[in-house]
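In what follows, a structure is listed as structure tokens, so that the remarks can point back to it.
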Amino acid sequence: MTEDIAPLRPGTFIPRPGTAPLPRMLAAQTWMELKLILRNGEQLLLNLIIPLLLVLVLVLEPFVSVGGSRAGFFVPGVLALAIMSAAFTGQAIATAFERKYGILKRLGVTALPRSVLLLGKTSAVVCVEIVQIAVICLVGLAVGWQPHGSAGSVALLVVLGTAAFAGLGLLLAGTLRAEATLAAANVVWFVLLFLGDVIFPLSKFPHGLATWLGFLPTTALAHGLRAVLRDGRAVPLHDAATLAVWAVIALTAAAATFRWE
């Protein structure tokens, strides 16, 4: 006795060759990039654990003297450091080794446009930053931080900072060898940690040096976030312009020099 089988709908097994819509490709690439970041222990250490430890140590211990609220000074600075860690250091190292192992070259010959690949990486970084900001702010509130200012001003500074650091990260990853990128990205991270208005206020440095340090992207982002979140001011034009100039220069240079293999 045989069981009656319902007839298949016409066209069920007819191939339909073609690429997926760009939004679907972007969503899939973003999810893949995000999973790679979350599975990487070093990335989690750099992007989340170290910033959280810095908030606790710098706010609760009189390691460095600052004027006024310690949380009001250090929490915005650590937010700037976290954004640099995700958009610059982490992305530069990951992209450089993907280039070394031929991953970018293989992806480049698929139906995935290179623009969507880069957008996917950037979108994954933005997702990481959202988590960073949420967790750091919660820890900051727990240690007495009292933020002010508008969320729109903070978002503008974060977007400009992300664009500047992402451009610098891609510039390194696309031009240097993977090992050189690893070393350079870590050295830059440490230099900007100490000279970028994160741990030590610019007032601790000689006036002439402090003037030049004010043009660093980390300094501009930390100072801008501090002006909004601690002082309740609008976005400082100097800081926004500094980040915008860094973003334009870095992204233009990265687009002109990036090597996929």
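Of note:
- Segments classed as helices (runs of 4 or more DSSP H), wholly inside the stretch 164-253, with at least 2 members that are open to solvent by 50 Å² or more (accessible area, probe 1.4 Å): 178-195, 207-213
- Unique residue being touching a residue at least 40 places away in the same chain (Cβ under 8 Å) and part of a loop (DSSP other than H, G, I, E, B) when the list is L117, L157, L112: L112
- Answer residue from the stretch 63-92, given it is farther than 25 Å from A183 by Cβ and among the β-branched types (V, I, T) and is surrounded by the fewest Cβ atoms within 10 Å (Cβ to Cβ) among those: V64
- Breaking point among (1) of a type in the set (V, I, T); (2) open to solvent by less than 10 Å² (accessible area, probe 1.4 Å); (3) within 20 Å of F200 (Cβ to Cβ), for T95: (3)
- Within the stretch 105-123, one or more residues are under 27 Å from G214 (Cα atoms) and either surrounded by 19 or more Cβ atoms within 10 Å (Cβ to Cβ) or at pLDDT below 90 (or both).
For (1) within 16 Å of A222 (Cβ to Cβ); (2) in contact with an Asp or Glu (Cβ under 8 Å, 6 or more places away or on another chain), each residue gets a yes or a no:
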residue	(1), (2)
A20	no, no
W31	no, no
I37	no, no
L45	no, no
L60	no, no
V75	yes, no
I83	yes, yes
G90	no, no
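- Residue check, V64 on the phi < 0 side of the Ramachandran plot, aliphatic (A, V, I, L, M) and modelled with pLDDT of 85 or more: no
- Subset of the stretch 62-104 (residues that are farther than 16 Å from Q132 by Cβ, in a helix (DSSP H, G or I) and among the polar types (S, T, N, Q)): T95
- The number of residues in the stretch 17-40 that are open to solvent by 80 Å² or more (accessible area, probe 1.4 Å) and at pLDDT 70 or above comes to 9.
- Filter result (touching a residue at least 60 places away in the same chain (Cβ under 8 Å) and hydrophobic (A, V, I, L, M, F, W, C)) within the stretch 249-261: I249, A250, L251, A253, A254, F258, W260
- Positions within the stretch 136-150 being loosely packed, with under 14 Cβ neighbours inside 10 Å and farther than 13 Å from G224 by Cα, in sequence order: L138, L141, A142, G144, Q146
The values are calculated or read from the model by the stated rules, or taken from the named source; none is laboratory data. A quick note: this is a predicted structure, and the numbers were derived from the prediction, not measured. Because the Cβ atoms are built from the backbone with ideal geometry, glycine has one as well, and the counts that use them run over all protein chains shown. All accessible areas refer to the heavy atoms of the entire protein, side chains included, with ligands and DNA or RNA removed. Shrake-Rupley method; radii C 1.70, N 1.55, O 1.52, S 1.80 Å.
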